[in-house]
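Data block below; observations after.
Values quoted throughout were computed directly from the atomic coordinates according to the rules given, and no laboratory measurement underlies them. As the structure is a prediction and not an experimental result, all values here were calculated from the model. So basically every Cβ, Gly included, is an ideal-geometry build from the backbone, and we count neighbours across all protein chains shown.
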Amino acid sequence: MAVAKKIPSILSKQISFCPGCGHGVVVRLIAECIEEMKQEKNSIINVGVGCYSLMTPSVEIDRFDSLHGRGAAISTGFKRANPDTLVISYQGDGDAYSIGIGESVSAAYRNENITVITVNNTNYGMTGGQMSATTMPGQKTTTSPLGRNCQTTGMPMKFPEMIASSFPEVAYVARGSVTKPAYVNKLKGYIKNAFEAQMNGEGYSLIEVLSPCPTNWGMSPVESHERVNGEIEAYYPLGEFKLREEK
Amino acid sequence: MSDMVKGNHAFAEAAVRAGARFYAGYPITPSTEIMEYLSTRMEEVGGVFIQAENEGASMNILTGASASGVRCFTASSSVGMTLKQEAISHMADSDLPFLAFNVVRYGNGLGTLDTGQSDYHRDTRGGGSGDYRCIVLAPYSIPEAVELISVGFDLSDQYLVGTIIHTEAALGQMMEPCDMPEMKTVERRFGAIDGTYSHKRISPLTRNRLEEAVEMKERYERIKANEQRWESEYVEDADYVLVAYGLAGRSVIGAVKQLREEGHKVGYIRPITLWPYPEKAFEAVNPEVKGYISVEENATGQMVDDIALTLKKTSQASKDVFALTYAYGVPAMKKIKADFIRITKGEIKEVY
Ligand SMILES: Cc1ncc(C[n+]2csc(CCOP(=O)(O)OP(=O)(O)O)c2C)c(N)n1
Ligand code: SF4
């Protein structure tokens, strides 16, 4: 039997991400999880600065617009002031891993009871596709026009691995993707796990999402999905890096 | 007799008594005792205390707390306050109240550990990028600081702006007799973010920033009209008026009293609000006054600019404005008096 998929009621308008962009899927999954957990009137989403800022006119829950990179700190303030509320920090790889790496690491280090969702599209989408901390070796961006030279810029950062190995007491860490239906289902499970861990007071949770940015990669949506499934997934393995513990 | 209390401890306790239950900060001399005190005090009163990874993060943590409608504060010194400016500007953009102590240490960059008044321009002009102001209160004693802390929180809530308690190393470190006010409780700000989505949240994409700018300007004009604070004496017949705030103000009051006894017609204005600048104080001054003298704990002279601007506004633009700058430390009365005499002899040139 066909199942009618309804748009979550907390998304009031269409969001104008580029065709093939992964942000729309992530926003939708977050909204579905909030609704299914009946947290529409008990959630705060703190939106970082990147293309995802485009979601803000549509998301009908308590929301705050962060400074670029400061999401984990601002979310800390929200959580400590509202300890029983679901607090989500939505960020990009530029936002969370470059300008905001201090805040991102420190929130995990404190095992702050928040959920950080980072969308990794291997570049700064909003500002036109500059190199970020997750740009792949040899990838051409507007600030690495000859291809990323890892000898002078370092290797792409693996934030979830770093958090899971450095701070083993955090509640939950996973990396998902949006490029196949099976991945989307799995990602939804990761997000729900993270939210449940937070509502259960288990501590910090982190979900990284591999996401295509066809516009800045100069690819069609299909090509950009293939790139994620191939080269990017090979470097950034999907799965859970820290499992929830029985409490 | 009141108990002797250290400045920084009194500031921290006064903030708690004003109903603040949320502190985030990062240690820096000479303000550190504020957070050391709060590290246990906040727990006693059921509040939140966070030692953040740096000053910027602590201010961003306050952003979340203030957006949640909670009375919150931080403390730092000079270079540490510099790191907070990004968040302070963002809080101004979101109309979020907060209170911050700047226990000033003299100097540029990392600066010194000594007392001074080198952050006047930064603190009175907003401090970060953009087009905003914070209310700036400058106490000259520990009891006055304690009083102004409660006032500052209330003004922040009333006008939805930040308040800086602009004080200096010496006041934070010294001890004075001081009574503490009764404990207050404050409600969370109406309509704040608490997860219940009681109010629609405006998106940065759909904000009407032109309308907001007009409203902000009107709000600032109301602050300027209603919230100027100062102390002054002997200005009606003065030949010279000395102007100084904080501990320099305390020295100036002593110096002016002695100079009066010695036959000099001098008066003083001690600004308590540095922003809004107490322009009204200058309206009561003798129209025949020969000049104004800014006494400051810095090398370049900062507040002297605001005196000159105020004189322009109060139709006294032709008056001479001098600056006695002391970098650094609190100037002694003797030194101020001697330099005043040099001004009367024409040995020190006016700035304006
Ligand atoms: C302090 C500051 N520096 C720089 C910028 C410019 N800026 C806006 S978005 C962005 C990068 C966003 O990249 P990412 O977080 O990866 O999000 P994406 O757009 O790729 O989804 C930058 C550098 C800014 N807004 N603030
Ligand atoms: S530029 Fe990239 S990240 Fe931004 S909306 Fe378009 S596809 Fe998505």
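Data for the structure
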quantity: DSSP beta bridges in the protein assembly as shown [antiparallel fraction, %, rounded to 5]; calculated: 20 percent
quantity: Number of Lys pairs (Cα under 21 Å; 8 or more positions apart or on different chains) in segment A:1-117; calculated: 8
quantity: Beta bridges per DSSP with both ends in segment B:198-352, % antiparallel, nearest 5; calculated: 20 percent
quantity: Nearby lysines by direct alpha-carbon distance to A:K140 (threshold 18 angstrom, same-chain neighbours under 8 apart not counted); calculated: none
quantity: Dipole moment magnitude, nearest 20 debye, segment B:29-101 about Cα centre, only Lys, Arg, Asp, Glu C-beta charged; calculated: 120 debye
quantity: Evaluated over the protein assembly as shown, the Cα radius of gyration and Dmax, each in Å; calculated: 27.7, 102
quantity: Those aspartates and glutamates that a straight Cα-Cα span of less than 17 Å connects to B:K184, excepting residues fewer than 8 apart in one chain; calculated: B:E13, B:E43, B:E44, B:E147, B:D154, B:D157
quantity: Cα centroid of segment A:1-38 to Cα centroid of segment B:229-266, whole Å; calculated: 68 Å
quantity: Entries in B:K6/B:K257; B:K224/B:K312; A:K158/B:K84 that, when Cα-Cα distance is taken, lie over 19 Å; calculated: B:K6/B:K257; A:K158/B:K84
quantity: Angle between chain B longest axis and helix B:142-159 axis [Cα atoms, degrees, rounded to 10]; calculated: 60 degrees
quantity: Mean ellipticity per residue at 222 nm, deg cm²/dmol - from DSSP H runs of n ≥ 4 across chain B, formula -39500 (n - 2.57); calculated: -12000 deg cm²/dmol
quantity: Tilt relative to chain B, helix B:246-261 - C-alpha long axis, 0 to 90 degrees, to 10; calculated: 20 degrees
quantity: Calculated from backbone phi, Karplus (6.51, -1.76, 1.60) coupling profile of segment B:294-309 in Hz, x at Gly/Pro; calculated: 7, 10, 9, 8, 7, 8, 9, x, 10, 4, 3, 4, 5, 5, 4, 5
quantity: Calculated FRET value between B:R260 and B:E221, using beta carbons and R₀ = 51 Å, to 0.05; calculated: 0.90
quantity: Charge dipole of segment B:148-232 about the Cα centre (unit charges at C-beta), most positive-ward option of B:G152, B:S198, B:A170; calculated: B:S198
quantity: Rounded tilt (10° steps) of B:55-67 against the dominant C-alpha axis of chain B; calculated: 60 degrees
quantity: √(5λ) per eigenvalue of the Cα gyration tensor, segment B:108-197, largest first, Å; calculated: 27, 21, 11
quantity: B:M183, B:M1, A:M199 arranged by Cβ crowding within 10 Å, fewest neighbours leading; calculated: B:M1, B:M183, A:M199
quantity: Antiparallel DSSP beta bridges within segment B:3-226, percent to nearest 5; calculated: 15 percent
quantity: Rounded to whole Hz, the Karplus (6.51, -1.76, 1.60) HN-Hα couplings of segment A:50-59, x for glycine and proline; calculated: x, 4, 4, 4, 4, 6, 4, x, 9, 7
quantity: Amide H within-cut-off set for A:N46, under 5 Å, with H built and near neighbours excluded; calculated: A:F64, A:I88, A:S89, A:Y90
quantity: Using distinct alpha-carbon pairs, which all enter the 1/r mean, Kirkwood radius of segment B:3-226 in Å; calculated: 17.5 Å
quantity: Test item: A:98-105 mean partner chain Cβ contacts at 10 Å; calculated: 2
quantity: Average beta carbon contacts from partner chains per residue of B:47-54, 10 Å cutoff; calculated: 4
quantity: Per-residue [θ]222 nm for chain A (sum of -39500 (n - 2.57) over DSSP H runs n ≥ 4, rounded to 500); calculated: -9000 deg cm²/dmol
quantity: For the protein assembly as shown, with +1 on Lys and Arg beta carbons and -1 on Asp and Glu, the positive-most of B:A323, A:L86, B:V16 along the dipole; calculated: A:L86
quantity: Chain A: translational diffusion in µm²/s, Stokes-Einstein, Kirkwood Rh over Cα pairs, 20 °C, 1.002 mPa s; calculated: 120 µm²/s
quantity: Neighbouring partner chain Cβ atoms per residue of B:185-198, average, 10 Å criterion; calculated: 4
quantity: Electrostatic dipole magnitude of the protein assembly as shown [Cβ: Lys, Arg +1; Asp, Glu -1; Cα centre; debye, to 20]; calculated: 1180 debye
quantity: Other-chain or far-sequence residues with amide H under 5 Å of B:V48's (modelled H); calculated: B:F22, B:Y23
quantity: Dipole magnitude of chain B, debye to nearest 20 (Cβ charges: Lys/Arg +1, Asp/Glu -1, about Cα centre); calculated: 460 debye
